[in-house]
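Below is one structure, written out as C-alpha cells; the observations come after it.
The values are calculated or read from the model by the stated rules, or taken from the named source; none is laboratory data. Computed from a prediction, not measured in an experiment: that's the story for all the values here. No Cβ is skipped: glycine too gets one built from the backbone with ideal geometry, and neighbour counts run over all protein chains shown.
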Amino acid sequence: MFKKKLNKVLIMTMGTLFLWSCSSNIEATPEGIEHIIVIGIDGMSPNGIQKANTPTLDSMIQNGAATMHARSVLPSSSSPNWASMIMGADTEQHGVTSNGWEKFDHQLPPVVVTENGTFPTIFTLFKDQQPEAQVGAIYDWDGFGRLFEKSDVDFDIDGDHEDKTTQEAVNYIKEHTPKFTFVHLDHVDHAGHAKGHGTPDYFQSVEKADSLIAEIIDATKQAGIFEKTMFIVSADHGGLGFGHGGESLAEMEIPFILYGAGIKKGYYIEETVYQYDNAPTVAYAMGLQTPQAWIGRPVKGAFIGNEAPKLIYKRKEQITQPKILPDAGYFEPAGGVFKADSVAVVIQNPNNAGEIRYTLGAAVPSLENSEVYRDTFYLKQTDIIKAGVFQNDQLVSTIAEGSFRILSKGKQDPVTFQVYQVNGIEKLPDFADFNPILEGFVTEFSHKQVLSEGIPQEQVAVVFESYLEAQEAGKYTFFTNSDDGSKLYVNGIQIVDNDGDHGVMERSGSLELAKGKHLVRVEFFNGGGGYHLDVKYKGPNTPKQIVPANHLYREK
C-alpha cells in the first residue's frame, strides 16, 4: 500500500513538474503587434546612415531601438547573408555559402529540410503555424527569390528596380494589409560596386533608400495599420572600396533598427545582434515557434515590457589602427612593389591619444619586441611591417600591416599573363577553349597591372604564371584572396580552389616543396562589379605575405 501511494505521489509530482516545464518554455507574445514589415537594404552600411541625410531612418532610431554594430555572417556576400536573415541560422546550418548557391546545386547540404528540400525560413514558419496569415516577399534582386519556397508566401514579386519594388510593396500593403512583408532594395549595393562605398554617389543612394522607406511607412498609415505595425530595417553587408565579401568591420557591420508597435523608444541595443537574429525577432513578435535548427535569438530587450539584458562581457570600443603609407588600396596591406634602392615608410596615428609601436617581420607588436615610431624611416629590402596603437603600455587597436616588396631597378617583370574575354562567366573556364585578347608580363600575381584602363574589366578571366624560388625545403601554404573566383596550381597540381561568383574571399592550401624554383599558375576571373586579386604564401621561416616579386622568375 505504501509503495502504491508513493508511486502515486511521484507520478503527480512528475506530472506537475512536466506541466511547469512546458509552461515555462512558452513565452508571452509582445502586445500590440499585428503586422511586421522587414526592409532590407542591400549593401547599406552604418557609415552610410551616419553620413548621409536620412531623416526617416534618424527618426526611426530616435523613436525606436537600434544598433550600428550588428554583424553579418561570413562570407560578407549577399546570398549567405540574405539566407541567414530569413533562415535564423548561419551558413554552416543552411548551406548557402556563396552567391553561386542554387537549391539543387551546392556543396554543403542544409542540416534539416522542409518537405520541399530546403532549410526552413521565416516564411515557412508563417505557412506552417499561421496559414491564414497574409505573407508577401517583394524584392529588387531576383537572386533573393531563389532563397525561399514560393509556396510559402501569398505574394511574390521581383520588382526589378528600387522604385518599382517600393511601389509594389506600397500597393500590396494598402490592398492586403499583410501580417508579414519582406521588402528587399538593391540600389545601394549597386552604387557601392559602381562608384565605391563612402563616395558621394553611395551616400546619395542611401538617401534615396531613406525616402523609399518613408513611402513604405506612409503606406501603412494610409492602410490604417501603422499603429499596429512593427518595422525592422537592416542590411546584408557593408562594403569596402568597390566590393565586399571580406572580414573587415566595414564589410561585416550592419545597422539593425526596430521601430513601431511594441518597441521601446530611444533604446540603444547594447546586446550583440547577428544577421541570423532577424527572423527569430520576427517569430518572437508574432508568437511563432522557432525550429531547433535555428541558432538565432530574438532581440528581446528592444520590446516594451522586457528588461535590458545584463551583460557580463561588453563590446570593446576600438581605437582606430595606425595608417601605414603608402596605401596600397582596399583588401590588401599597405606598401606595394617598388623598383628602387630604398622606400620611405610613414605611419600615422588617426587618434588623439596613444603611441605607435611597430615591428619588422611576422611578430605582432608588444612592449618587449617593438619600437616606438617617431618619424619616417627607410626600407632597403623586402619586408613586412606591423603596427599598433598603445595606451598605458597596452595594445588598444587592431594591427595594421604593410607589405613592401623591393626589387632591383633592372629586374625583368617575372610574371606572364593572358587576358581572356568570357561572356556569361560564373566559374573559371577551360582556357583551352579561348584565345587571349591580351598577353604580356607584370611584376606580381595581381589584378592591378592587368585590368587597367582600356582592358575589359567585366566578363574577363586572367591566367598568370611564374617560377617561385623556395628558399628552403619544407611545407608551404598558398592563399588567393579574390573577387570573383580564383585557383592556384604549383607544378601543375591544384593547391587552392577559390572559384565561383563571390565577394572578396580568401582560400588556402598547402604542400611540401623542395628548395629551388617551382612553377606557380594563378587563374582569376571577374564576372561583374568590383574585383580584386592578391596572392600570398608562407613557409619555413617565411611569414605570411604577398608573394614577393624578388623571388619570382620568368624561367626555371
PHE119 is checked against (1) in contact with a Pro (Cβ under 6 Å, 6 or more places away or on another chain); (2) free of Cβ contacts under 8 Å to residues at least 60 places away in the same chain and fails just one. What number does that condition carry? (2)
Criterion: of a type in the set (Gly, Ala, Ser) and loosely packed, with under 11 Cβ neighbours inside 10 Å - qualifying residue of ALA353, ALA344: ALA353
Answer yes or no: is there a residue in region 443-459 that is free of Cβ contacts under 8 Å to residues at least 40 places away in the same chain, acidic (Asp, Glu) and part of a loop (DSSP other than H, G, I, E, B). yes
Can you report the number of residues in region 304-352 which are among the polar types (S, T, N, Q), assigned to a loop (DSSP other than H, G, I, E, B), at pLDDT 90 or above and under 14 Å from ALA400 (Cβ atoms)? 3
Is one or more of the residues making up region 217-232 within 26 Å of the chain's Cα centre (by Cα), part of a helix (DSSP H, G or I) and free of Cβ contacts under 8 Å to residues at least 12 places away in the same chain? no
Among the residues of region 186-210, count how many are without any contact (Cβ under 8 Å) to a residue 60 or more places away in the chain, of a type outside the set (Gly, Ala, Ser) and part of a loop (DSSP other than H, G, I, E, B). 1
In this structure, does SER466 turn out to be hydroxyl-bearing (Ser, Thr, Tyr), in contact with a Pro (Cβ under 8 Å, 6 or more places away or on another chain), crowded, with 19+ Cβ neighbours inside 10 Å and within 23 Å of ASN435 (Cα to Cα)? yes
Listed by first then second residue, the pairs whose first member lies in region 488-514 and is in the same structural domain as SER248 (by TED's automatic domain parsing), whose partner is hydroxyl-bearing (Ser, Thr, Tyr) and assigned to a strand (DSSP E or B), with beta carbons under 7 Å and at least 6 positions apart or on separate chains, are none
Exactly one condition in (1) under 27 Å from GLY530 (Cα atoms); (2) at pLDDT 95 or above is not met by THR220; state its number. (1)
Can you tell me which residues in region 242-293 are surrounded by fewer than 24 Cβ atoms within 10 Å (Cβ to Cβ), within 30 Å of ARG507 (Cα to Cα), aromatic (Phe, Trp, Tyr) and at pLDDT 95 or above? TYR274
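Matching residues to (1) under 30 Å from PHE242 (Cβ atoms); (2) touching a residue at least 40 places away in the same chain (Cβ under 8 Å); (3) in the same structural domain as GLU506 (by TED's automatic domain parsing):
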{"site": "GLU307", "(1), (2), (3)": "no, no, no"}
{"site": "PRO333", "(1), (2), (3)": "yes, yes, no"}
{"site": "ALA340", "(1), (2), (3)": "yes, yes, no"}
{"site": "VAL345", "(1), (2), (3)": "yes, yes, no"}
{"site": "ARG357", "(1), (2), (3)": "no, no, no"}
{"site": "GLU368", "(1), (2), (3)": "no, no, no"}
{"site": "LYS386", "(1), (2), (3)": "yes, no, no"}
